[in-house]
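**Q** Got a structure here, written out as structure tokens. Questions coming.
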Amino acid sequence: VDMPPAVVMNGNAGHDQAEEAESKQDGSGDADPSDDANEQEVIVIQDTGFTVKIQAPGTEPFDLQVSPQEMVQEIHQVLMDREDTCHRTCFSLQLDGNVLDNFAELKSIEGLQEGSLLKVVEEPYTVREARIHVRHIRDLLKSLDPSDSYNGVDCNSLSFLSVFTDGDLGDSGKRKKKGSELEQIDCTPPEHILPGSKDRPLVPLQPQNKDWKPLQCLKVLTMSGWNPPPGNRKMHGDLMYLFIVTVEERHVSITASTHLTAYRSTTYTFNPKPANPSFLSHSLVELLSQISPAFKKNFTALQKKRVQRHPFERIATPFQVYSWTAPQIDHAMDCVRAEDAYTSRLGYEEHIPGQTRDWNEELQTTRELARKNLPERLLRERAIFKVHSDFAAAATRGAMAVIDGNVMAINPGEETRMQMFIWNNIFFSLGFDVRDHYKELGGDAAAHAAPTNDLNGVRAYGAVDVEGLYTLGTVVVDYRGYRVTAQSIIPGILEREQEQSVIYGSIDFGKTVMSHPKYLELLEKTSRPLKVQRHAVLNEKDSAVELCSSVECKGIIGNDGRHYILDLLRTFPPDLNFLPVEGEELSPESQKQGFPRQHRHRLACLRQELIEAFVEHRYLLFMKMAALQLMQQKANKESKTAALPESITAETVSDSKPAAAPEASEAGKEADETIPGLAQAKELAESLATDDGSDPKSREVVLNACKAVGSISNTSFDIRFNPDIFSPGVRFPEDSAEDIQKQKQLLKDAAAFLVSCQIPSLIKDCLDHTALPMDGATMTEALHQRGINVRYLGNVLEFVDKMPAKPQLEHVYRIGITELITRCTKHIFKTYLQGVELSALSAAVSHFLNCFLSSFPDAVAHLPADELVSRKKNKKRRNRVPGGGDNTAWASLTPSELWKNIASEALRYYHFTLQCESVDQAVEKYGLQKITLLREISVKAGIQILIKEYNFDSRHKPAFTEEDILNIFPVVKHVNPKASDAFHFFQSGQAKVQQGFLKEGCELINEALNLFNNVYGAMHVEICACLRLLARLNYIIGDHPEALSNQQKAVLMSERVLGIEHPNTIQEYMHLALYCFANGQLSTALKLLYRARYLMLMVCGEDHPEMALLDSNIGLVLHGVMEYDLSLRFLENALSINSKYHGPRSLKVALSHHLVARVYESKAEFRSALQHEKEGYTIYKNQVTPPSHSRRFEPPLVQLCHQAAGFTAPSMASVLEQLNIINGIIFIPLSQKDLENLKAEVQRRQQLQDSGKIEEQQEDGQLALDDKIPVDD
């Protein structure tokens, strides 16, 4: 039996990874070892795979491809997933009668070679094996049931692609060739997808998947109430009892002993004798198939369907993705789920002896693994990633248990806010300011911000990865209005007081400070990458103490002898724009924007991305200053030319090498443009470096440049920050006063750099569409990439508001306002929820959403009936609610009060004035959509609502009832460990592709994909990007089926790991549609485009530059299938959006005119066609200066007039060509005849003229010409 083709990923012998994604990660890829050996150490990880024969009881022997690194256990996994052997779990594999060790690698087994026969031998059950068997059978029965995805458990998540492609794309192309019979395609989209429709329904978000109508195999499968077996039966080998009700209503009791037997017990009488006729079998499936014909039939059908699904629809994701909508699901009886809930599942699935896992030991041991060569690094990164994703899952489960009240506190006597918890070897604390720890810094607000700052610190130190320095596993969970920090536990820390353990840093914010030589040595290694300056502070005895981190950062040596650092909340320097300090003046750029501003806590710090950008900016400045001085010196000693030969060559170089600047050099632009190019500056710097300082002149040059940019060293460029500046309670020695002054200035400069460079550069990127935010998350990401904290959102919006080009930034403004409103609402919702009892949760959430979104003016909350009765009793046992307060206060919230609070929160937190007092005013004034607001608040607050149509605008009844709130999910923040080697391959592949070496690029990207699979398993955001790029390359090289297959994986993966309506997923759908069209699957292409348009309408509305691209795509495909009127609706909408966002004179608009003209031409409406063609022509003529080109535009016009006689439908090839052009994929034109090629030519001139700023494709890459192609970032 062959593996289904979908399973073999990029030609590696990857088995289907459904059951245990992590078990199978060494895909043996097809990289060519000689590839690029000079650029990078490419060690061949793949030994060649070989084939073994497997013989299982009752089946024919079949071949299985394996690779030498695999463990025997991985073959077990494959067999447990195959259709014909999936019902066996308790077996051993034998080679020539010898049992193979489960944990042995195949290459270490003697006599195992190509063609060996492995026998599957059934083994007697133990209690553990019997439980595993029942659990596995239950998983098989549930394999098509989406309820785990809706409930957000076991890393399941939703995917709807198969609904639109009717199964697997690869085959469907062969099955239904629709070249000639265009008539059968029904192209009319649903009403709400058409341009101009105001209706935004919610139900189509989750289309009905016909596979999900479950085939019922059994009515009940559960542990029997007779468990555990009594002693006398235990002596007969009884392990456990199961109770089953078949579809035919037959009640069966089953004994698990060494085999499974049906026995006679009924619900009320225990009779362990075998039933008559007796059934005996080693597998539950075989036993039930004998007892129940319906089971046999349906189970077989179910497994067939299960195996047909694309593996990416069922492999677990590394981190849980939650869905904010779900249908009403029937709650079915499920013994395993019930058992899991009550045993809190501790260590059950972990298959590890000793039950609970020692998380700290696992996290630190994986860090200590060797990392000298590629295979070692891959093993290490894979282990780190696996432990991290397991830890994140366990921490999330624990945090929910803590807030739900299911975990006993370790200090139960204290009031609830102060309680701390330990569960499953993880330490949990609540985000409140207990013991006035943060009193100086902003109390509870600071205690709420500290965990995320700390997490950013953990992430930064983890990325630097210094050997011997350890951080804690840290996960921050927001759930039901509480913030819980989950941390792994330092061995021995619980036995002693904190005062005794800390040997480095301070436990009281700098009053007492200690240092330790080993810590200084370790932290010194992080100083340069993290830009932290080594500095001295005074302790309580007024003596200076050396530190290489902020004072809060504590060093503790655990009982395991490891050096841990914790409390990394001030790893990065403070943000002075939000930290008013007595007697300190900010720079004029900041003051002009109204800074410094009061923030609700004093922990506001700059982001790592900002520090990097700032240092990069300063480096450019440094180079230019040095260059300028050297130029002057050179002019002074023109006679002694020999002294600096480099600078002379540099003169001639500067033109041929325009700035080879690093990416972040955006900001260096305002420096005087007359300064010579960077290439020169670099050479000058090199010439300085080669001088060993013997030349006093060049030393002076460097000294001056260093002083000017605030470098901490006088002999080389080196900028670092002292994170303790402006920390209350920290004092510095006298002798470092000058240094401190310098550091203060540096901080002011960095704060000014954020407002004067980074925010404008973000807006500029939005204007030329290199940054294209579509929703709150992508907006936040765009801010963060440039180092702008979200607390600057109000500033960004004001900046946009004052721009003369504001109409072209309307989408950014609208998304920003939506984000601002929903974030303020989230802040309010958080405290609102803290006062709600568990029994009133759904009533409270639905009431809140009514106040937020419903036009109904007097939303009234429904208190649960028992709530009114129990209020008196509750006074005594109120301590379950960590916030205290009146538990029904939430019911008195009104819409007008909530919107007043939102406006005042916007003013207080973002210093932004919202001009609206109700949701309808907000919608009216800012052009928002209620459905978008609902999505944003649900995602941010972890609310899951019932999927149905909500009437937000009714003034007579509220939109939500308590039945509409299905669940509250945690919002989880954690570290994402990276696959560094894979990422380097990916980047060098991208670079190759951009230089035009497609084949080499393709090989590198394939190799990267292999390494990613090795580290992350099959599912990950970065693999998604890899597949997308690979698909694009396949497409350009002309391998359409391969492009289709890779892009299909990218879409599935994006749906699963990012969410079904994430902006990235929408883009993946668009790419897939293009490849489908190229493959001749027109109706599928249209369905995918319509899906993308629906999702986009919901996420950001119609008025968005990306919508123009989508509509051009739809219009072109419709043109291709001769739906001319429909096509015009989309193309004319695209034309108007392009005109709005790119300005009426842009080449995009000219292209839109041309596309519209083509459709009019096909309709034989030549006057309109001519009109549009002329307008497009005028734009080209004005844009492209040399007149010779615009003259070449005339033939099409003449041609048009000739064609007025007889018109034809467009050929598919011409439609495809246009599709490629608007999607930014341009092949090298072969003939110079028709207009399209002409346009490519015109655009090329245009591009040379202003270096690629005009045709921004969705991929913000370069314009694709002469086999350069755009590449995703």
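The values are calculated or read from the model by the stated rules, or taken from the named source; none is laboratory data. Computed from a predicted model, the values in this text were never measured in an experiment. For neighbour counting, all protein chains shown are included, and Cβ atoms are generated from backbone atoms with ideal geometry for every residue, glycine included. For the accessible areas, the whole protein counts, side chains as well, though only heavy atoms, and no ligand, DNA or RNA atoms are used. Shrake-Rupley method; radii C 1.70, N 1.55, O 1.52, S 1.80 Å.
**Q** Between A982, A991, which is buried (at least 22 other Cβ atoms within 10 Å of the Cβ) and not in a loop (DSSP other than H, G, I, E, B)?
**A** Only one candidate qualifies: A982.
The rows are residues; the columns are (1) open to solvent by less than 50 Å² (accessible area, probe 1.4 Å); (2) of a type in the set (V, I, T); (3) out of contact with any Leu (no Cβ under 7 Å at 6 or more places or on another chain); (4) at pLDDT below 85.
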| residue | (1), (2), (3), (4) |
| --- | --- |
| Q208 | no, no, yes, yes |
| P228 | no, no, yes, no |
| N232 | no, no, yes, no |
| M240 | yes, no, yes, no |
| R250 | no, no, yes, no |
| A256 | yes, no, no, no |
| T266 | no, yes, yes, yes |
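**Q** Among the residues of the range 438-490, count how many are charged (D, E, K, R) and in contact with a Cys (Cβ under 9 Å, 6 or more places away or on another chain).
**A** Number of matching residues: 0.
**Q** Quick one: is R1028 of a type in the set (K, R) and open to solvent by 10 Å² or more (accessible area, probe 1.4 Å)?
**A** yes
**Q** Just for the range 182-202: of the residues that are modelled with pLDDT of 90 or more and assigned to a helix (DSSP H, G or I), which one is surrounded by the most Cβ atoms within 10 Å (Cβ to Cβ)?
**A** Restricting to residues being modelled with pLDDT of 90 or more and assigned to a helix (DSSP H, G or I), the top hit is I193.
**Q** Could you list, in sequence order, all residues of the range 774-791 that are outside any helix (DSSP H, G or I), over 15 Å from the mean Cα position of the chain (by Cα) and not hydrophobic (A, V, I, L, M, F, W, C)?
**A** R786, G787, N789
**Q** Considering (1) on the phi > 0 side of the Ramachandran plot; (2) touching a residue at least 60 places away in the same chain (Cβ under 8 Å), say which one A1164 fails and leave the rest.
**A** (2)
**Q** With a cut-off of at least 2 residues that are under 23 Å from the mean Cα position of the chain (by Cα), name the strands (runs of 3 or more DSSP E) lying wholly within the range 421-481. If you could, list the steps in order and put the result at the bottom.
**A** Values: elements: 426-430, 469-471, 474-479.
Answer list for the range 421-481: 474-479.
**Q** What number goes with the only condition from (1) within 23 Å of G462 (Cα to Cα); (2) in contact with a Lys or Arg (Cβ under 6 Å, 6 or more places away or on another chain); (3) not in a helix (DSSP H, G or I) that G405 does not pass?
**A** (1)
**Q** Also: Quick one: which of P311, P293 is out of contact with any strand residue (DSSP E or B) (no Cβ under 8 Å at 6 or more places or on another chain) and crowded, with 22+ Cβ neighbours inside 10 Å?
**A** Selected residue: P311, the only one of P311, P293 that is out of contact with any strand residue (DSSP E or B) (no Cβ under 8 Å at 6 or more places or on another chain) and crowded, with 22+ Cβ neighbours inside 10 Å.
**Q** Name the residue that is least open to solvent (accessible area, probe 1.4 Å), counting only residues in the range 407-442 that are on the phi > 0 side of the Ramachandran plot and free of Cβ contacts under 8 Å to residues at least 60 places away in the same chain. Full working, then the answer.
**A** Applying the first criterion (on the phi > 0 side of the Ramachandran plot) to the range 407-442 yields 424-425, 435-436, 442.
Remaining after also requiring free of Cβ contacts under 8 Å to residues at least 60 places away in the same chain: 435-436.
Working: R435: 146, D436: 95 Å².
So, considering only residues that are on the phi > 0 side of the Ramachandran plot and free of Cβ contacts under 8 Å to residues at least 60 places away in the same chain, the one least open to solvent (accessible area, probe 1.4 Å) is D436.
**Q** Assess whether K511 counts as being free of Cβ contacts under 8 Å to residues at least 40 places away in the same chain and either closer than 22 Å to H437 by Cβ or assigned to a loop (DSSP other than H, G, I, E, B) (or both).
**A** No.
**Q** Here's a follow-up. Tally time: how many residues in the range 523-569 are part of a loop (DSSP other than H, G, I, E, B) and either in contact with an Asp or Glu (Cβ under 8 Å, 6 or more places away or on another chain) or charged (D, E, K, R) (or both)? Give the steps one after another, and end with the answer.
**A** Pass one, the range 523-569, residues part of a loop (DSSP other than H, G, I, E, B): 531, 533-534, 539-543, 548-553, 558-562, 567-569.
Add one more test, that the residue is either in contact with an Asp or Glu (Cβ under 8 Å, 6 or more places away or on another chain) or charged (D, E, K, R) (or both), and what stays is 531, 534, 540-542, 548, 550-553, 560, 562, 567-569.
Of the residues in that region, 15 qualify.
**Q** Can you list residue pairs whose Cβ atoms sit under 9 Å apart, with the first residue in the range 729-744 being open to solvent by less than 50 Å² (accessible area, probe 1.4 Å) and the second being in a helix (DSSP H, G or I) and of a type in the set (D, E)? Count only pairs 6 or more apart in sequence or on different chains.
**A** Listed pairs, sorted by first residue: G729/E440; F732/D739.
**Q** Being among the charged types (D, E, K, R) and either surrounded by 19 or more Cβ atoms within 10 Å (Cβ to Cβ) or not in a helix (DSSP H, G or I) (or both) is the filter here, so list the residues in the range 803-825 that pass it. Reasoning before the result, please.
**A** Start the filter on the range 803-825 by keeping residues that are among the charged types (D, E, K, R), which leaves 806, 810, 814, 819, 823.
Answer for the range 803-825, where residues must be among the charged types (D, E, K, R) and either surrounded by 19 or more Cβ atoms within 10 Å (Cβ to Cβ) or not in a helix (DSSP H, G or I) (or both): R814, E819, R823.
**Q** Whether any residue in the range 589-606 is hydroxyl-bearing (S, T, Y), open to solvent by 40 Å² or more (accessible area, probe 1.4 Å), touching a Pro at 6+ places or on another chain (Cβ under 9 Å) and not in a loop (DSSP other than H, G, I, E, B) is what I want to check. Before you say what the answer is, go through the steps one by one.
**A** From the range 589-606, those hydroxyl-bearing (S, T, Y) are 590; that's our starting set.
Next cut, open to solvent by 40 Å² or more (accessible area, probe 1.4 Å) only: none.
No; the residues of the range 589-606 include none that is hydroxyl-bearing (S, T, Y), open to solvent by 40 Å² or more (accessible area, probe 1.4 Å), touching a Pro at 6+ places or on another chain (Cβ under 9 Å) and not in a loop (DSSP other than H, G, I, E, B).
**Q** When the range 488-504 is examined, which residues are found to be in contact with a Phe, Trp or Tyr (Cβ under 8 Å, 6 or more places away or on another chain) and either open to solvent by 30 Å² or more (accessible area, probe 1.4 Å) or closer than 25 Å to A536 by Cβ (or both)?
**A** To start, the set of residues in the range 488-504 that are in contact with a Phe, Trp or Tyr (Cβ under 8 Å, 6 or more places away or on another chain) comprises 488-490, 503-504.
The answer is I489, I503, Y504.
**Q** Considering (1) open to solvent by less than 10 Å² (accessible area, probe 1.4 Å); (2) of a type outside the set (G, A, S); (3) within 20 Å of N1006 (Cβ to Cβ), say which one K1049 fails and leave the rest.
**A** (1)
**Q** Residue under question is T356, and the condition is that it be over 30 Å from G510 (Cβ atoms) and open to solvent by 20 Å² or more (accessible area, probe 1.4 Å); does it hold?
**A** In short, yes.
**Q** Would you please name the residue that is nearest to G776 (Cα to Cα), looking only at residues in the range 904-929 that are assigned to a loop (DSSP other than H, G, I, E, B) and open to solvent by 20 Å² or more (accessible area, probe 1.4 Å)?
**A** Top of the filtered list is Q929.
**Q** Kindly provide the set of residues from the range 947-979 that are open to solvent by less than 40 Å² (accessible area, probe 1.4 Å) and polar (S, T, N, Q), ordered by number.
**A** Result: S954, single match.
**Q** Hey, among the residues in the range 535-559 that are β-branched (V, I, T) and within 17 Å of D508 (Cα to Cα), which one's most open to solvent (accessible area, probe 1.4 Å)? Quick ask: steps written out before the conclusion?
**A** Kept after step one, since they are β-branched (V, I, T), are these residues of the range 535-559: 537, 545, 551, 556-557.
Those still in the list that are within 17 Å of D508 (Cα to Cα) too: 537, 545, 551, 556.
Values: V537: 1, V545: 16, V551: 1, I556: 0 Å².
In this case the residue turns out to be V545.
**Q** Within the range 769-776, is there a residue that is modelled with pLDDT of 90 or more, open to solvent by less than 20 Å² (accessible area, probe 1.4 Å), among the aliphatic types (A, V, I, L, M) and farther than 30 Å from L628 by Cβ?
**A** yes
**Q** Write out, first by first residue and then by second, each pair whose Cβ atoms fall under 8 Å of each other, whose residues are 6+ apart or on separate chains, and whose first residue, in the range 1123-1146, is within 15 Å of S197 (Cα to Cα) and of a type outside the set (V, I, T) while the second is assigned to a helix (DSSP H, G or I) and open to solvent by 10 Å² or more (accessible area, probe 1.4 Å).
**A** So the pair list comes out as A1134/L1109.
**Q** Checking the condition over 27 Å from G431 (Cβ atoms), in contact (Cβ under 8 Å) with a residue 12 or more places away in the chain and touching a Lys or Arg at 6+ places or on another chain (Cβ under 9 Å), which residue from L530, L547, L586 passes?
**A** Details: L530 fails: over 27 Å from G431 (Cβ atoms); L547 fails: over 27 Å from G431 (Cβ atoms).
Of the residues listed, the single one that is over 27 Å from G431 (Cβ atoms), in contact (Cβ under 8 Å) with a residue 12 or more places away in the chain and touching a Lys or Arg at 6+ places or on another chain (Cβ under 9 Å) is L586.
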